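All remarks here apply to the structure that follows.
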Amino acid sequence: RDVSRTENLRNAAMQSNNTSGVCGVYWHKGSGKWRGMIKAHGKLCHLGTFENFDDAVAARKAAEVKYGYHPNHGRPALA
């Protein structure tokens, strides 16, 4: 299919060094909380800092919908 590089990256598999199991969600040692991030319009956007992992995941999933990420984005790569 003919898509831009940006659109293709929105359908990327989860990176092998991901430790949280969710793209764009990570543990921030300094605050002792979970953080959510997403890249949109060429910039990294901070989605918030959360006490609860599930809240960080929900913020990331909502941002994926808002910014038009493909539903397969972040799924583990097939071996």
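The values are calculated or read from the model by the stated rules, or taken from the named source; none is laboratory data. Owing to the predicted nature of the structure, the values given are computational and were not obtained by experimental measurement. In this analysis, Cβ positions are derived from the backbone assuming ideal geometry, glycine residues included, and neighbour counts consider all displayed protein chains. Each accessible area value is taken on the protein alone, full model and side chains, heavy atoms only, with ligands, DNA and RNA left out. Shrake-Rupley method; radii C 1.70, N 1.55, O 1.52, S 1.80 Å.
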Two-site label geometry, Ser16 and His28: point separation in nm, points 7 Å out along Cα→Cβ:
3.0
Ignoring ligands and nucleic acids, Thr6 exposes an accessible area, probe 1.4 Å, in Å² to the nearest 10, of 80
List every residue whose amide H lies under 5 Å from the amide H of Ala40, counting only residues 5 or more places away in sequence or on a different chain, with H placed 1.01 Å from N in the peptide plane.
Cys45
At 1.4 Å probe size, with the rest of the protein present, what percent of the exposed accessible area of the chain is carbon and sulfur atoms?
51
Sticking to Cα atoms, compute the Rg of the chain to one decimal and its Dmax as the biggest Cα-Cα distance, whole number, in Å.
12.9, 43
Hey, what's the chain come to in accessible area per residue, 1.4 Å probe, Å²?
72
Based on the Cβ-Cβ distance of Asp2 and Lys66, what FRET efficiency does E = 1/(1 + (r/R0)^6) give at R0 = 30 Å, to the nearest 0.05?
0.80
Can you give the local net charge around Lys61? Use residues other than it whose beta-carbon is closer than 14 angstrom to its beta-carbon, Lys and Arg +1, Asp and Glu -1.
+1
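For Asn52 and His73 in the same chain, what is the full-extension length gain: residue separation times 0.36 nm, less their Cα-Cα distance, in nm?
Details: separation 21, 0.36 × 21 = 7.56 nm, distance 2.22 nm.
Extra length available between Asn52 and His73 comes to 5.3 nm.
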